[in-house]
Amino acid sequence: MLNVRASLILVVSAVLFLGTAPAVHSQDMFSQLDQVRKDVSQLRDEVRDLRNLVYELRRVMLESVVIPENQKAETEASKQEAAPKQKPVKEFSEQELTRVICKEVGIFFNEVDEAFRSSPDAAETKMRAAINKLNSKLQPYSGTHRVSKIQNIYEGLAWDAASAVRLRGSVAGNQDFRAVLQKHRQRYLDTCPRE
């Protein structure tokens with residue numbers, strides 16, 4: 001009789017243990033899943049912060065490269081044209097502005113195509129020259145919000161083109177830069193009239 005009671009207690013204990021084991025295991029899985037979600041969220045935040053930092057560093061670097069070259073060009077121009085003063089800024093029609101912007105942006109994208117066929121160092125040099133040329137051609141119109149916005153965007157695109165060439169062997173990095181360039185090229189094609 002003692003064996004029957006002991007066996008019965010053992011069976012009831014085993015049933016209780018086996019019945020609660022999956023609940024404890026599932027609670028552990030849910031807590032692990034919550035932790036993984038928190039970790040992924042934290043990683044997304046860190047990636048966003050790093051991306052913002054890269055964009056800020058890119059902007060600062062482009063300013064440090066473009067501004068001194070622009071200042072050098074302005075100094076040489078001022079030596080050559082010591083006497084005459086510039087005319088006051090005039091208003092430009094939207095059609096004239098669009099025509100000039102489209103022409104210069106088209107040239108810029110041709111230079112991007114050349115950079116893609118170049119070595120990383122040559123591509124970076126070509127993109128610096130391309131953005132300097134674009135900025136100098138759009139300089140008379142830079143008083144308009146539209147042109148200053150375009151100049152800022154295309155300084156970033158020059159960096160993207162050089163980076164895409166530099167990361168030619170890295171499919172993921174190259175794809176990101178190329179996708180941004182393609183998006184802006186499509187905007188150019190959609191906006192600018194065919195000549």
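The values are calculated or read from the model by the stated rules, or taken from the named source; none is laboratory data. Computed from a predicted model, the values in this text were never measured in an experiment. Side chains are part of the model used for accessible areas, which takes the heavy atoms of the whole protein and leaves out ligands, DNA and RNA. Shrake-Rupley method; radii C 1.70, N 1.55, O 1.52, S 1.80 Å.
Worth a mention:
- Here the extension length gained between residue 146 and residue 179 equals 9.6 nm, from 0.36 nm per residue of separation less the Cα-Cα distance.
- Nearest-10 value in Å² for the accessible area of residue 55, using the 1.4 Å probe: 110
- At the residue level, residue 13 shows approximately 60 square angstrom of accessible surface with a 1.4 angstrom probe and all protein chains present.
- Accessible area in square angstrom per residue, region 91-191, 1.4 angstrom probe: 54
- Our estimate of slack between residue 117 and residue 38, defined as 0.36 nm per intervening residue step minus the Cα-Cα distance, is 24.1 nm.
- The alpha carbon radius of gyration of region 91-191, expressed as a multiple of 2.2 N^0.38 Å, is 1.09.
- Ordered from highest to lowest accessible area with the whole protein assembly present and a 1.4 Å probe, 108, 30, 116 read as 30, 116, 108.
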